[in-house]
1. Tell me which of these residue 218 doesn't satisfy, since it passes every other one: (1) open to solvent by 10 Å² or more (accessible area, probe 1.4 Å); (2) on the phi < 0 side of the Ramachandran plot; (3) over 18 Å from the mean Cα position of the chain (by Cα).
2. How about region 246-273: which of its residues are more than 16 Å from the ligand (Cβ to nearest atom) and β-branched (Val, Ile, Thr)?
3. Tell me, which residue of region 261-285 that is touching a residue at least 24 places away in the same chain (Cβ under 8 Å) and open to solvent by 30 Å² or more (accessible area, probe 1.4 Å) is farthest from residue 45 (Cα to Cα)?
4. Of the residues in region 83-98, how many are within 17 Å of the chain's Cα centre (by Cα) and open to solvent by less than 60 Å² (accessible area, probe 1.4 Å)?
5. Determine, yes or no, whether residue 193 is at positive phi and buried (at least 17 other Cβ atoms within 10 Å of the Cβ).
6. Would you mind telling me which numbered condition in (1) closer than 29 Å to residue 274 by Cα; (2) open to solvent by 10 Å² or more (accessible area, probe 1.4 Å); (3) more than 16 Å from the ligand (Cβ to nearest atom); (4) not hydroxyl-bearing (Ser, Thr, Tyr) residue 62 fails?
7. Restricted to region 109-141, and to residues that are open to solvent by 20 Å² or more (accessible area, probe 1.4 Å), farther than 24 Å from residue 21 by Cα and touching a Gly at 6+ places or on another chain (Cβ under 8 Å), which residue is nearest to the ligand (Cβ to nearest atom)?
Amino acid sequence: MNTATSISIHQTRTVEHLIQGVATSDGAGVSLTRILTGKLQRRLDPYLMLDAFGSNDPDEYIAGFPDHPHRGFETITYMLHGRMRHRDSAGHEGLLENGGMQWMVAGRGAIHSEMPEQEDGLMEGFQLWLNLPAANKMAAPWYKDFPSSTIPEYTTQDGVTVRVIAGESNGVSGAVSREVTEPLYLDIHLPAGASFSTAIPATHNAFIYTYRGATQVAGTQVDMQRMGILKNTEGADGITVSATEPTRLILVAGKPLNEPIVQYGPFVMNTQEEIHQALDDFRSGRLA
Ligand code: FE2
């Protein structure tokens, strides 16, 4: 833990649109809320999906995500509460728990399972999908677990705690940095009455999602379980958020790829032919 001064930015971004997630289920029957859906992939390029999971009811998570493939993008799983065991086709295995994060570059292919390692209690977190540039979609897969203690964290004079999962915020470098899409991923905890600012390049697509309390952004309130898509205003050099009650949110931003997006379930490529190839590779055991 260290301290950092929350910079003053010249002009904050505003909220362009508020989004309510869609209740769905995935894997072998895990209840979750899909916040970033397919129709927002263009607007929030390079991000493809954001799911929030959070339940005290084991029936809603115990089935987990048995073996399934991915190709063409990166998955970032951030666990707020709970324990999830990860195993993949390259022989990697890891346990994701309270406050930890797993970053996986699926690249040309990974087959993995994500299974709860708890039979009761709260399981809560997020899975975010980040696209890969066309040139890197068939790169070798890579993954790393980041236990909570290894995620850089700082506290401002206002008592705001910021966990820097990816990118850089107020001079603090995150657990992961990536070229090309330059992802910024922050988990921000605001005490009542606090405000916080961080820089975001104006051309990067960005959103926030409030998971406790309520976030104020330039006069707009982003309630709990709502996503606020942030407007790309020329000259806006960052964001200022504030809260009148204890509030927690994630802030996600990245540099758009502006490349064609063709998705078929867990495969995200640039053309239909590449999707057919992925399916063919998967069915014939050549994906991973
Ligand atoms: Fe997965």
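The values are calculated or read from the model by the stated rules, or taken from the named source; none is laboratory data. Nothing here was measured: the structure is a model prediction, and the numbers come from that model. Note that we place each Cβ from the backbone using ideal geometry, even for glycine, and neighbour counts take in every protein chain shown. Protein only, heavy atoms only, side chains kept; ligands, DNA and RNA dropped before computing areas. Shrake-Rupley method; radii C 1.70, N 1.55, O 1.52, S 1.80 Å.
1. (2)
2. Narrowing region 246-273 to residues more than 16 Å from the ligand (Cβ to nearest atom): 246-262, 269-273.
Listed by number, the residues that qualify are 247, 250, 252, 261, 262, 271.
3. 282
4. Keep residues of region 83-98 that are within 17 Å of the chain's Cα centre (by Cα), which gives 84, 96-98.
Imposing the further condition that a residue be open to solvent by less than 60 Å² (accessible area, probe 1.4 Å) reduces the set to 84, 96.
The qualifying residues number 2.
5. Details: at positive phi: yes; buried (at least 17 other Cβ atoms within 10 Å of the Cβ): no.
When the stated conditions are applied, residue 193 does not pass them.
6. (1)
7. Once the filter is applied, the top-ranked residue is 141.
Here's the yes/no breakdown for (1) open to solvent by less than 30 Å² (accessible area, probe 1.4 Å); (2) in contact with a Leu (Cβ under 6 Å, 6 or more places away or on another chain); (3) modelled with pLDDT of 95 or more:
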residue	(1), (2), (3)
11	no, no, yes
34	no, no, yes
46	yes, yes, yes
50	yes, yes, yes
54	no, no, no
58	no, no, no
71	yes, no, yes
